[in-house]
Amino acid sequence: MSTGRLALLVTSPRVAPGLLSHAAWSAVAGADRRLARSADEPLVEALADAGVEVECVGEVPPPALARRLVELAGTEAVVWLGSADADPGLSDAVATEVSRLEVPPDVELVVGSWDVQGGRLLDVVAAMDRLRSPGGCPWDAEQTHASLAPYLVEEAHEVLEAIELGDPRALAEELGDVLLQVVFHARVAEDAGEDAFDVDTVAGLLVEKLVRRHPHVFADGAAATPDEVEQEWERIKAEEKPAAYAEDLLHGVPASLPAELAATKVLARLRRRGLVADDAARTELDEARAALAAAEARTRAALADLAAGAHPEA
């Protein structure tokens with residue numbers, strides 16, 4: 001009767017390799033032999049730092065590796081330390097080997113760590129690093145903030161279109177494209193050298209702003225309704241830049257913002273400051289929308305005429 005066992009230890013590449021679950025540490029500590037592909041695997045390096053001996057087998061095809069692991073597990077407690085690429089094909093190969101034995105060893109999958117929410121964001125940063133590094137994509141490598149600017153505007157409008165269509169899958173994809181622009185700009189800035197910042201700077205500033213402008217959540221603020229939250233937000237913004245905010249109702253409204261969005265933002269600001277009644281704000285906004293719709297219709301008609309002229313056969 002077999003007295004051995006085989007544990008396949010899997011971990012998330014997005015979690016620090018030494019942060020293992022209790023079950024994982026128990027499996028590692030109780031093993032007679034611990035095997036891995038390479039000494040430069042993050043998990044192997046972490047265990048080596050902890051004084052745990054690991055035998056590295058190199059690049060072995062899954063069927064041959066599975067055969068060796070199952071044979072060793074016939075009489076010993078064996079742990080395979082999963083590789084960063086999750087060892088494609090290994091678990092299937094182990095299952096095949098075990099099915100051939102009349103008395104197979106016990107085989108278990110031990111989860112050493114799980115992804116935390118937002119963990120895939122690290123993959124986005126890693127992918128951008130590869131694209132912008134030597135040997136990556138030549139187009140990505142030559143981009144600047146200025147050259148990327150049109151794409152950010154385009155992607156933002158595609159998000160708005162997905163929202164209007166009510167398509168969650170399309171919305172998720174378009175938000176990913178906006179996220180790409182954020183990570184791309186952060187990497188361009190990181191590569192700039194002087195006055196550089198990186199994606200962690202962007203994230204850190206965002207968190208600081210969220211905390212600062214939500215004292216009713218993160219401190220002792222008293223805002224309890226959406227209207228009160230808006231008023232508090234407006235007050236905090238005024239404290240951050242008092243001179244510009246007090247003198248200019250257009251402060252913080254980008255010049256490139258589409259006219260309808262700019263009008264909505266300014267009218268909302270007027271309403272929150274008590275400078276215009278809700279009914280008046282709605283009337284002004286409706287008039288602005290009507291004028292913008294007419295202008296947009298004329299622009300689209302002109303573009304259609306231009307396209308028809310370029311393709312007379314159409």
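Details
- Check on VAL111, of a type in the set (Val, Ile, Thr), under 21 Å from VAL28 (Cβ atoms) and under 29 Å from the mean Cα position of the chain (by Cα): yes
- For segment 70-84, the set of residues classified as under 38 Å from the mean Cα position of the chain (by Cα) and crowded, with 19+ Cβ neighbours inside 10 Å consists of VAL78, VAL79, TRP80, LEU81, GLY82, SER83, listed by residue number.
- Tallying residues that are in a helix (DSSP H, G or I), modelled with pLDDT under 70 and within 21 Å of LEU160 (Cα to Cα) within segment 228-261 yields 2.
- Among the residues making up segment 167-199, a single one is open to solvent by 50 Å² or more (accessible area, probe 1.4 Å), under 15 Å from ARG130 (Cα atoms) and within 17 Å of the chain's Cα centre (by Cα): LEU180.
- Lone qualifier among GLU108, GLU158, GLU154, GLU194 - being outside any helix (DSSP H, G or I), more than 30 Å from ALA84 (Cβ to Cβ) and either modelled with pLDDT under 95 or not basic (Lys, Arg) (or both): GLU194
- Qualifying residue in segment 100-122 (condition: polar (S, T, N, Q) and touching a residue at least 60 places away in the same chain (Cβ under 8 Å)): yes
- Single residue of ASP129, ASP140, ASP115 found to be modelled with pLDDT under 95 and touching a Lys or Arg at 6+ places or on another chain (Cβ under 8 Å): ASP115
- Filter pass, GLY135 being among the small types (Gly, Ala, Ser) and open to solvent by less than 80 Å² (accessible area, probe 1.4 Å): no
- Checked against the criteria, ALA66 does not count as touching a Cys at 6+ places or on another chain (Cβ under 7 Å), buried (at least 18 other Cβ atoms within 10 Å of the Cβ) and free of Cβ contacts under 8 Å to residues at least 60 places away in the same chain.
- One residue alone among THR299, THR283, THR264 is surrounded by 14 or more Cβ atoms within 10 Å (Cβ to Cβ) and at pLDDT 70 or above, and that residue is THR264.
- Condition check for ALA39: open to solvent by less than 20 Å² (accessible area, probe 1.4 Å) and either over 14 Å from LEU9 (Cβ atoms) or in contact (Cβ under 8 Å) with a residue 12 or more places away in the chain (or both): no
- Among the residues listed as ASP106, ASP87, ASP140, the single one being among the acidic types (Asp, Glu) and either in contact with a Pro (Cβ under 6 Å, 6 or more places away or on another chain) or open to solvent by 70 Å² or more (accessible area, probe 1.4 Å) (or both): ASP106
- Residue check, VAL202 assigned to a helix (DSSP H, G or I) and either at pLDDT 80 or above or exposed (fewer than 12 other Cβ atoms within 10 Å of the Cβ) (or both): yes
- Any chance ALA149 is closer than 26 Å to PRO258 by Cα, part of a helix (DSSP H, G or I), of a type in the set (Gly, Ala, Ser) and open to solvent by less than 80 Å² (accessible area, probe 1.4 Å): yes
- Verdict on ASP32 being among the acidic types (Asp, Glu) and surrounded by fewer than 16 Cβ atoms within 10 Å (Cβ to Cβ): yes
The values are calculated or read from the model by the stated rules, or taken from the named source; none is laboratory data. Nothing here was measured: the structure is a model prediction, and the numbers come from that model. As a convention, Cβ positions derive from the backbone with ideal geometry for all residues, glycine included, and neighbour counts pool all protein chains shown. The accessibility values were calculated without ligands, DNA or RNA, using every heavy atom of the protein model including side chains. Shrake-Rupley method; radii C 1.70, N 1.55, O 1.52, S 1.80 Å.
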